[in-house]
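Peer 1: One structure follows; several queries about it will come next.
The values are calculated or read from the model by the stated rules, or taken from the named source; none is laboratory data. The model shown is predicted, which means the values in this text are computed figures rather than measured ones. We work out accessible area using only protein heavy atoms, side chains counted, and drop any ligands, DNA or RNA first. Shrake-Rupley method; radii C 1.70, N 1.55, O 1.52, S 1.80 Å.
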Amino acid sequence: MRILQIGVSFLPGGIESFVMNYYRILKPFGIQYDFVCMYEHLAYEDEIKKMGGNIFYLPDIKKNAVGFIIKLYKLLCKNHYQTVHINMLSAANILPLVVCKICGVKKIIAHSHNSKTEGLTREILHKMNRRLILYLATDFLACSTLAAKWMYPEEVINQNRFKLIHNAVDTEKYKYNQDIRDNIRKELRLENKFVIGNVGRLTEQKNLFFLIDVFFIIASRCENAFLIIAGTGELKEKLRKYVYQLGLKSKILFLGQREDVEKWYSVFDVFCMTSFYEGLSFTAIEAQASGVKCVFSDKMSPETKVIEDVKFLPVDHPKQWADEIMKCNMTDRREEGFIRHAFAARGYELNRQADILLDVYRG
């Protein structure tokens, strides 16, 4: 069964992680993904091609909507896709759903990966289009209850056509590794440091200026404190400038985009996310799989909590964050057996969630 994926970008973020995690699991069951790409390249492009996936390069829908519509229409008609999986951050742009409907695609899957959008225009369009999704899609997915309620009308969530599929991860991949921790810390001369970590895109959504403010308080109290931020995005230079202005250049490391992020969770003593909103963060789930102590924004979905001792704090009290973070230490890290049990109990076991998605495709 060939399924066309729409909504995957060139950066390996949450949607991209979701798609690839399930692609790897479902391929042996006869599921083959093809991809629409609106960029010069696609995240995980080499792996996709090795796995037999086709990548179709279409005009960027934001820059050339008419060109995108024409190309997508021709693609669907030529290849006769019976199933299209559309990954959505909002309902502001529902053109892919409309084109699929016009082409008579049998199974049109709308998948909500977010719980808010930025900009007044996009917010208005989102509110206008939410009800239209009910008539355009045949199946409805969401990464969390929060993401579902934000994207779909209430009657959708109460239907059998709706499924909640968590951003599950392979806990084995992210489990704590003492050797990796020691080697990286030695390489970076962080052997005796209290290391705080963050992984994600450098965008307004992630609220990283607040995280730096929190770290400024921590650094004033703890000489050995160190902050590592992994990821890239449009705020990279502004964040670096802010760090320099605060005199924290020697205490904060920007890693950039990493393909080995699973190693860094072992390096951290505590993992923090200060986001203004999230559908359901993959990095938050990955961090918990490593057993590291986690402190999250209370704007994130409660379903983000897999391990019981995760803390949720308001994003307008930096001192409260500093106090909570400084309570953490290496002994807070959870053991592997406890983590596996918690992930299974909370519905974050990857194989089980893959079964649900497979049923959607075959249903």
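Peer 1: With all protein chains present and a 1.4 Å probe, how do ILE102, ILE109 order by accessible area, largest first? Please list the in-between numbers first.
Peer 2: Details: ILE102 120, ILE109 0 Å².
Result of the area sort, largest leading: ILE102, ILE109.
Peer 1: For segment 251-363, take the convex hull of the Cα atoms, compute a quarter of its surface area, and give me that in nm², please. Don't jump to the answer; show the numbers that get you there.
Peer 2: On the way: hull surface 34.6 nm².
With every direction weighted equally, the projected area is 8.6 nm².
Peer 1: Could you state how much accessible area LEU164 has, in square angstrom rounded to the nearest 10, with a 1.4 Å probe and all protein chains kept in place?
Peer 2: In the full protein context, LEU164 sits at about 50 Å².
Peer 1: Additional query: Using square roots of five times the C-alpha gyration tensor eigenvalues, list the equivalent-ellipsoid semi-axes of segment 139-271 in whole Å, biggest first. Could you put the intermediate results ahead of the total?
Peer 2: Details: eigenvalues 237, 81, 29 Å².
The equivalent ellipsoid of segment 139-271 has semi-axes of 34, 20, 12 Å.
Peer 1: Okay, next question. Two decimals is fine: what is log10 I(q)/I(0) at q = 0.22, 0.25 Å⁻¹ for segment 72-157, from a Debye sum with one equal scatterer on every Cα and no solvent?
Peer 2: With one equal scatterer per Cα and no solvent, log10 I(q)/I(0) is -1.00, -1.20.
Peer 1: Can you tell me the relative contact order of the chain? Whole percent, Cα pairs under 8 Å, sequence separation 6 or more. Before the final figure, lay out each step's value.
Peer 2: Numbers: 651 pairs, mean separation 53.5, N = 363.
This gives 15 percent for the chain.
Peer 1: For TYR33, which sequence-distant residues (separation of 5 or more, or a different chain) have an amide H within less than 5 Å of its own amide H, given hydrogens modelled in the peptide plane?
Peer 2: Correct list: ILE3.
Peer 1: When you have a sec, figure out the Kirkwood radius of segment 1-56 from all distinct Cα pair distances and drop it here in Å to one decimal?
Peer 2: Kirkwood radius, segment 1-56: 11.1 Å.
Peer 1: Right, here's the next one. Going from most exposed to least, what order do ILE25, ILE229 have by accessible area with a 1.4 Å probe?
Peer 2: Working: ILE25 40, ILE229 0 Å².
Final ranking, largest accessible area leading: ILE25, ILE229.
Peer 1: For segment 196-309, what value does the Rg/Rh ratio take when both radii are computed over Cα atoms and Rh is the Kirkwood radius, given to two decimals?
Peer 2: Details: Rg = 13.3 Å, Rh = 14.3 Å.
We get a ratio of 0.93 for segment 196-309.
Peer 1: Run the 1.4 Å probe and let me know the accessible area of GLU237, rounded to the nearest 10 Å².
Peer 2: 120 Å²
Peer 1: When N is the residue count of segment 1-118, what does its C-alpha Rg come to as a fraction of 2.2 N^0.38 Å?
Peer 2: On the way: Rg = 13.4 Å, N = 118, 2.2 N^0.38 = 13.5 Å.
In units of the 2.2 N^0.38 Å rule of thumb, it is 1.00.
Peer 1: Students sometimes get this wrong: rank ARG130, ARG334, ARG2, ARG181 by accessible area, probe 1.4 Å, all chains present, largest first.
Peer 2: On the way: ARG130 55, ARG334 85, ARG2 105, ARG181 20 Å².
If we order ARG130, ARG334, ARG2, ARG181 from most to least accessible, we get ARG2, ARG334, ARG130, ARG181.
Peer 1: Now for a different question. Take every Cα-Cα pair in segment 115-188 and report what % of them are more than 18 Å apart. Please report the intermediate quantities before stating the final value.
Peer 2: Working: 1543 of 2701 pairs.
Here the tail beyond 18 Å accounts for 57 percent of pairs.
Peer 1: Oh, and also: Run lengths n ≥ 4 of DSSP H only: what is the helix-derived mean residue ellipticity at 222 nm for the chain, with -39500 (n - 2.57) per run over all residues, to the nearest 500? Display every interim value, and only then the final one.
Peer 2: Numbers: 16 runs with 155 residues, N = 363.
It comes out at -12500 deg cm²/dmol, rounded to the nearest 500.
Peer 1: Given segment 285-348, report the % of alpha carbon pairs whose separation exceeds 15 Å.
Peer 2: Values: 1028 of 2016 pairs.
Result for the distance tail: 51 percent.
Peer 1: So what does the Cα-only Debye profile of segment 56-118 read at q = 0.16, 0.26, 0.28 Å⁻¹, as log10 I(q)/I(0), no solvent term?
Peer 2: Listed by q, the Debye log ratios stand at -0.53, -1.21, -1.30.
Peer 1: Shifting gears a bit: Amide H neighbours of PHE312 under 5 Å, at least 5 residues apart or on other chains, H built in the peptide plane: list them.
Peer 2: Under 5 Å from the amide H of PHE312 lie the amide H atoms of PHE296, each far enough along the sequence or on another chain.
Peer 1: Considering the Cα positions of the chain, please state its Rg to one decimal place and its Dmax as a whole number of Å.
Peer 2: Final numbers for Rg and Dmax: 20.9, 63 Å.
Peer 1: A further question on this structure: As a test question: what accessible area, to the nearest 10 Å², does ASP182 have when a 1.4 Å probe is rolled over all protein chains in place?
Peer 2: Spelled out: ASP182, probe radius 1.4 Å, area about 70 Å².
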